[in-house]
Amino acid sequence: MQTVGLEDAVTIRLAPQHTEIRLQCDSHSLSVDQTNLVYRAAAAVLVQSQRKIGLDIHLAKRIPMGAGLGGGSSDAAATILGIDRLLNVGWSAARMAEIGQELGSDVPFFFHAPTAVVVGRGEQVRAIHVADARWAVLVNPGFPVETKWAYQQLSATRQGVAPLSDRCTQLASESRIAWEDVISLASNDFEGPVFATHPVLQQIKRELLSRGAQLALLSGSGATVFGIFQDEAGARRAAAYFHGRPELKTFVAQTSSGKLRVECAPSDLPAIG
C-alpha cells in the first residue's frame, strides 16, 4: 500500500464545557454520529486511555467517499494519533495500530505509511521503502462502490486464488524496492467483477494507459481508478483529458514520502489524514 498527497483534515479540540464527542463535517452526505469512523476512533481512544473528556472534532473532506482510497481509514488513524498527542498518552505506533485494527482493516497501515507491505486482514504491516517518487492521476467516476458488495461479487465470481509469484514473495521480504518492480507486478482481483458492473471504470483505465500511464488499476474495491506516471508534466497532461467531463472527479498527486502529519497549537491539534 502506498499513500499519495491527497488529504483530509481532522481538527481536534478539548471541550471543557461538555463531556461528549461532537463531530462536524463539511460534507453533508457523511454521517457524524457513532457510525462515523472518526467518531468511533475518538471513542475507542478515550475508552482505552480511560479518559472521560469532551472533544470537538471537525472533519474536512477532500478524499472522495466510497472511492477505494482509504479516506475513512486515514481519518480514523489521524484521529487516534491526534488524540494521543493532544492528551500526551504516549502510545507506540504498534499500540495505535491495534486500536485501529478494531475499526477497519486498512487503518493500521497508516501508522506505518507512506509505503508498506500489508498481509492478512490488514493486521500484518511492514514498512518498506520505494525508491524515487511517481505522480498519480486519480479518476473518480462520481459514484461509490460499496466494499461489502465488491467482496461478495469477487467471492461469487472467481474460481480460486492464484499463488503469489516468486518475485512477489521476494519483494515482500525486502526493505527497499524500485517502482519498476511494483509496476511490473501490480494487479487487482476486484477489477473483474467491478468492471463487469461498471464498464466506465474499465474505460477510464484504458484512457489512462493510452495517455502514458506506466500502470493503471482500480484502487482497492473502487470506484477510483489511478494511473502512475513518471513525472508531473505527464500526469497533468493526462488529467487534463478528464477535466472536461463534469461527472468525474480528477486529482493529481505525488506519491507521499512522509507519515501522517500532526501540527500542534496551544488549544487544538489538527491531524492530517
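Considering only region 1-155, what is the antiparallel percent among its DSSP beta bridges, to the nearest 5?
Given both bridge residues lie in region 1-155, the antiparallel proportion sits at roughly 70 percent.
With a sphere of radius 14 Å drawn around the Cβ of residue 181, what net charge do the other residues whose Cβ falls strictly inside it have (Lys, Arg +1; Asp, Glu -1)?
Once all neighbours under 14 Å are counted, the net charge is -1.
Using Cβ contacts closer than 10 Å as the measure, can you line up 37, 86, 59 from fewest to most?
Starting with the residue having the fewest Cβ neighbours, the order is 86, 37, 59.
Among the lysines, which have Cα under 20 Å from the Cα of residue 259 when same-chain residues fewer than 8 positions away are ignored?
Correct list for residue 259: 61.
How about residue 249: which aspartates and glutamates have a C-alpha closer than 17 Å to its C-alpha, ignoring those fewer than 8 places off in the same chain?
Within reach: 7, 8, 207.
I'm spelling it out carefully: the read-out is P(r) over Cα pairs in 10 Å bins from 0, in percent, the candidates are [x] 6, 21, 22, 18, 16, 13, 4, 0; [y] 6, 28, 34, 23, 8, 1; [z] 7, 31, 38, 21, 3, 0, and one was derived from this structure. Which label?
Given [x] 6, 21, 22, 18, 16, 13, 4, 0; [y] 6, 28, 34, 23, 8, 1; [z] 7, 31, 38, 21, 3, 0, the structure-derived one carries the label [y].
Taking square-rooted eigenvalues a ≥ b ≥ c of the alpha carbon gyration tensor, is region 126-273 rounded, prolate or oblate, where a/c under 1.5 means rounded and, failing that, a/b exceeding b/c means prolate?
Judged from the Cα gyration tensor, region 126-273 comes out rounded (a/c under 1.5).
What is the distance in Å between the Cα centroid of region 1-66 and that of region 170-239?
30 Å
How charged is the neighbourhood of residue 30? Take every other residue with its Cβ under 14 Å from the Cβ of residue 30, and add Lys/Arg as +1 and Asp/Glu as -1.
For residues surrounding residue 30, the net value is -1.
Taking other Cβ within 10 Å of each residue's Cβ, how do 28, 18, 112 sort, fewest first?
28, 18, 112
Calculate how many DSSP beta bridges within the chain are antiparallel, expressed in % of all such bridges and rounded to the nearest 5.
80 percent
Since every read-out is calculated from the coordinates, none of them should be taken as a lab result. Predicted model only: the values in this text are computed from it and were never measured. Don't worry about glycine lacking a Cβ; one is built from the backbone with ideal geometry, like all the others, and counts go over all protein chains shown.
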